[in-house]
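Please read the structure below before turning to the comments.
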Amino acid sequence: MASLSELREGLHVSVSQVKTYVRCPRQYQMRYVLGAEPEFVPRNLVLGSAVHEGLAAYYRSVMETSESPEQDVGLAALHATLEAAKKNRVPLERGGEDLEAVGTGLLRTFYEAVYQEPPVVVAVEAPFAVELHDPVTGETLEERLVGALDLAIREGEKHIVVEHKTAAKKWSADQIQHDIQLSAYKLVGGKIGLGDVGLRLQVLTKTKKPAMVVENTERGDKDIQDFMATVVGVLRAVDAGVFYPVRTSMCGGCAFKKACGG
Amino acid sequence: MKKEIIQILKRPFGQELIKHRQGHDGKQLDYVPVQHYVDRLHEAFDHDWSFELTRREIIGDQILVEVKLTAAGLIKTGIGGAAITRGEDNKTVLSLADDIKMAEADAMKRACRLLGIGGELYATEQDDGDIISNPPPANGNHRQDGPHSQPPSPLPPRERLTNAQLNAIKAIARKQNLDPANVRRQIKKDYGVEVEYLTKRQASEVITELDGNKPTNGNGTNGNRAWAG
């Protein structure tokens, strides 16, 4: 199976790219089109990646042994990712919380929730590349949708695609209903042989007392069509050079703030 | 070269020789058919010239050809290209022979350009010697007649490079032992964008340029551009 970096060698689009464009076209231009170097790596991004690595280490062990490993497995992966981020050429965003402490707290919360009953793991960080079609013209896009599924598990006869998030607070019902990443995973699940997958969000909240919130959700054909329309719309806007800035409270934490002039 | 010959070569083409076609991006392009370049060569050199196809290669969905034009003791080389035209299913090759002829004509015109023929077209070039004469219709609908025609689309065609072009750029760079990071950097310097965001036309230029790069001692330079960084 090709690795994620190999799949990214071809012309592709990712959910993260689409979300970036929807949030701020100028940031998309800076990051992807111009390849501008960010001023820093956001702390939230590093924490999210490190927790993801910790969870992936846990689930890989479960996939091999069908049992929960000791917490150290995940914590070691968390620590290694944070250490690597410190050595990155692009500096880590200054200030804020102690990432090691917050990450450890989140992983411990996760372990408490899942330790006794580990799931039947089918795939962890599974890379995918699927064809996309323009919902209006039906033409196959040159760009393939590339990404990696955090986790796929089996419950009875059904496969569930699980997406992990770290967030400041619990996701709202609207967020869950409209998140395009989940729509993408519904599409991908069908195309990579997992069938009509169920969708689950496991949100680790960075609240004073960390919690893991599990939300099951569904997506239908209309959601998939909407997702396709969004992707095609973004790609066509990028083709047309539409890169306007979106000035919001998010600008303060943007790694391209100076270059953008925001 | 005699002054009279230079005058013949540099004489602009008459307006009546200019034809029209639809460009990849929907814009109407003006061009002069290759036969008129050939006629001009006959006129200038009294049929004493020769043309040789020195290379033909298919890389991904691109046909690349190189021709050598010899006249009055001068040798001029031209590189041309064309995309392989596929059917609506995006798989069936409609007419490879026509696509190859188009690539050869493109190369021939480029070689002629170096002798001075058609210089006025390139002085305002927008598409390798073709002149944009009219903007696309406001509704974005473009119809191309003939065997390569596409069904009408409510949206203008995409301009971003194709996957085949991206792969071709990477494959040629690999073949020539060029550092991918340097190639990426050079493209960014030349076009101001990452390689994945080149237009189709820019990607064709890069492929032609890279393909003309003759690596010597592994440094990958061609005198004009330092692909090796």
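Quick notes
- Model label sites at B:Tyr191 and A:Ala211, defined 7 Å from Cα along the beta-carbon direction, differ in position by 5.0 nm.
- Computed E for A:Glu218/B:Leu96 - FRET, C-beta separation, R0 41 angstrom, nearest 0.05: 0.30
- Electrostatic tally near A:Pro38: other residues with Cβ closer than 12 Å to its Cβ, Lys and Arg +1, Asp and Glu -1, net +1.
- Computed from the C-beta positions of A:Glu125 and B:Glu88, the FRET efficiency with R₀ = 51 Å rounds to 0.85.
- Length released on extending from A:Lys158 to A:Thr248, taking residue separation times 0.36 nm less the Cα-Cα span: 28.3 nm
- Fraction of accessible area attributable to carbon and sulfur, the protein assembly as shown (%, probe 1.4 Å): 51
- Computed from the C-beta positions of B:Arg11 and A:Gln177 and an R0 of 45 Å, the FRET efficiency is 0.05 to the nearest 0.05.
- Candidates per trypsin sites (Lys or Arg not before Pro) in region B:1-70, loop by DSSP, up to 16 other Cβ within 10 Å: B:Lys2
- Of the listed residues A:Thr205, B:Thr77, A:Thr166, the order by accessible area with a 1.4 Å probe, largest first, is B:Thr77, A:Thr166, A:Thr205.
- Legend: residue pairs B:Lys19/B:Lys109; A:Lys19/A:Lys186; B:Lys2/B:Lys68; A:Lys191/B:Lys175; B:Lys2/B:Lys76; A:Lys191/A:Lys222, Cα-Cα distance threshold 23 Å; pairs beyond threshold, A:Lys191/B:Lys175.
- Across chain A, C-alpha contacts under 8 Å between residues 6 or more apart give a mean separation that, scaled by the residue count, equals a relative contact order of 23 percent.
- Computed label-point distance, nm, for sites A:Lys170 and B:His20 using a 7 Å Cα→Cβ extension: 6.5
The values are calculated or read from the model by the stated rules, or taken from the named source; none is laboratory data. Just so you know, these numbers come straight off a predicted model, no measurement behind them. Because the Cβ atoms are built from the backbone with ideal geometry, glycine has one as well, and the counts that use them run over all protein chains shown. SASA here: full protein model, heavy atoms, side chains in, ligands and nucleic acids out. Shrake-Rupley method; radii C 1.70, N 1.55, O 1.52, S 1.80 Å.
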